1. Which residue pairs have Cβ atoms under 6 Å apart, sit 6 or more places apart or on different chains, and have a first residue in the stretch 42-56 that is under 10 Å from Val124 (Cα atoms) and assigned by TED's automatic domain parsing to the domain that holds Val124 and a second that is assigned to a strand (DSSP E or B) and among the hydroxyl-bearing types (Ser, Thr, Tyr)?
2. Would you check if there is a residue in the stretch 442-461 being more than 15 Å from Gly262 (Cα to Cα), over 23 Å from the mean Cα position of the chain (by Cα) and of a type in the set (Phe, Trp, Tyr)?
3. Looking at the stretch 317-372, which of its residues are among the small types (Gly, Ala, Ser), within 23 Å of Thr83 (Cβ to Cβ) and assigned to a helix (DSSP H, G or I)?
4. So, in the stretch 97-115, of the ones that are surrounded by 15 or more Cβ atoms within 10 Å (Cβ to Cβ) and within 16 Å of Glu51 (Cα to Cα), which residue ends up modelled with the lowest pLDDT?
5. Of everything in the stretch 330-361, what is within 18 Å of Phe374 (Cα to Cα) and at pLDDT 90 or above? Give them in sequence order.
6. Of all residues in the stretch 94-111, how many are among the charged types (D, E, K, R) and closer than 15 Å to Ser359 by Cβ?
7. Spot the failing condition for Ala310; the list is (1) farther than 26 Å from Pro376 by Cα; (2) surrounded by 14 or more Cβ atoms within 10 Å (Cβ to Cβ), and only one is missed.
Amino acid sequence: MKFAQYVFKIMCLLAVLSTAQAAARPTAPVDVPPLDGIWKGPLKVPGGQLEVVFRFVKLAGGEYFATLDVPQQKVKNMTVKVTLATDTVQLLAEEAGTRFSGTVAPDGKTMSGTWQQPGFKTPVVLTFAPLPVLSDKKLRLTPPYREEEIQFSNLTANLRLAGVLTVPAGPGPFPAVVLLSDTGPHDRDGTVGDFAPLAQLADFLTRRGIAVLRFDDRGVGKSTGAPSATTADLVSDAQAGLNLLRTRPEIDLSHLGLVGHGEGGNVALLTAAQPLPPAYVVAMAAYGLPGRDIVLQQQTATLRTLGTEASQIELAIKRQTAMLEIIRQTTDNAQAQAIVANMLKQSNNSIDNATAQTSAAEMTSPRYRYFLAFDPLAKLPVVACPVLLLNGTNDLTVNADANLNALAKGLKANKAVTVRKVPGINHLFQPDPSQWPIVAGQPQANFSPFAQESIRAWIMEQAKK
């Protein structure tokens, strides 16, 4: 379900929540100018100033997906809830107790408003800039392999998925993989802000002899459906991708696998437990702990990153634990929502009634209830294909040790499991910024070359069998 260059995408409870349930967000009123792009500005805090950066991406249904970066605090891609009312934009990063309410200027170039968090309130002006990834795509050189726009059907869910198939030069047949994105609505490139991890991984693998299918998530780009499916629901999307590749003469049918990131890794493992499984699975930063434990783990990591005192972290976790228990035990949704909304307002007095009610509705939705109860180990004993488990040691969303150990234990009956921790890599599989390449005089985030080569070498090893 679903997490950051110094990630988050899911660094804590409501980051996971809001991303997983983007379909519930309201569409944009006509009075609000388009928000797609980057909005950034200075936030004056006691003792200094921080730069805050919001990124907005408009989804196929008209709603917005947004994230928050605070580079100086090493916070990246914290999921933000977007609420639009007439000419007002309200942004809520609930996991950090932060709220911004502003008005967009008629020319769409600035957004002026108020930043609030417990005990602190200050005016902030955000300035608009277009997403650089758009111009980067226009300037991309023709790659040394074949690219084909693809549409295929998921008959189980009655929807159409759209993406791109990249095939190495030559006649083939080639080993192939389907890429599966992390939690939340992603395009075929797995774009988070201005970083496209799945596009980079697909390019690397295809240049080295592996065909790759990647596709827009449900409700994103040219794919139909609503982006509110559970992890189990998404198995049928993975199966539809595999079935498409099975119709292609340039694909080696005996060496057809799945590569999933975050929640996509869990989808890949669940697919491997079904009939017609893939030949192998690569699970990058997949969950090994139950959803409830992941929520608490991520919230702890987020608060520590923000420099929160240990006593305040302990108090926040106690409140969160109590809230999760209320959700678990209260099956009446109306009653559960009322209790959770009241708890949210009591724990953060900057939240108004409407925001509290909306958040409570999301937290008691079928998608979120499923996530809390999700046991990623339940189906693993029947997974018989080779599996590569990868995690970065700097992953703040999915703790490497705890989750890798749990997955390895769940797969103990499988003698073809490789477990690997990649030093210095975060949730998005980026190396330390000091190792980023310099492009046009600026460091540009990249997918860890070591991780890419580890994945390629392991897949090619499976292709020899």
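The values are calculated or read from the model by the stated rules, or taken from the named source; none is laboratory data. On a predicted model such as this, the values are computed, not experimentally measured, just so you know. Please note: Cβ atoms are built from the backbone with ideal geometry, for glycine as well, and neighbour counts cover all protein chains shown.
1. The qualifying pairs are Lys44/Thr122.
2. yes
3. Residues satisfying the conditions are Ala334, Ala336, Ala338, Ala341, Ser347, Ala354, Ala356, Ser359, Ala360, Ala361.
4. By that ranking, first place goes to Thr98.
5. Step one: of the stretch 330-361, the residues within 18 Å of Phe374 (Cα to Cα) are 330-331.
The one that is within 18 Å of Phe374 (Cα to Cα) and at pLDDT 90 or above: Thr330.
6. Looking only at the stretch 94-111, we keep the residues that are among the charged types (D, E, K, R), and these are 94-95, 99, 107, 109.
Keeping just the survivors that are closer than 15 Å to Ser359 by Cβ gives 94-95, 99.
So the answer is 3.
7. Ala310 satisfies every listed condition except (2).
Residue by residue, here is whether (1) within 24 Å of Ala451 (Cα to Cα); (2) in the same structural domain as Glu148 (by TED's automatic domain parsing); (3) at pLDDT below 95; (4) among the polar types (S, T, N, Q) holds:
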residue	(1), (2), (3), (4)
Val192	yes, yes, yes, no
Pro197	yes, yes, no, no
Leu234	no, yes, no, no
Leu245	no, yes, no, no
His255	yes, yes, no, no
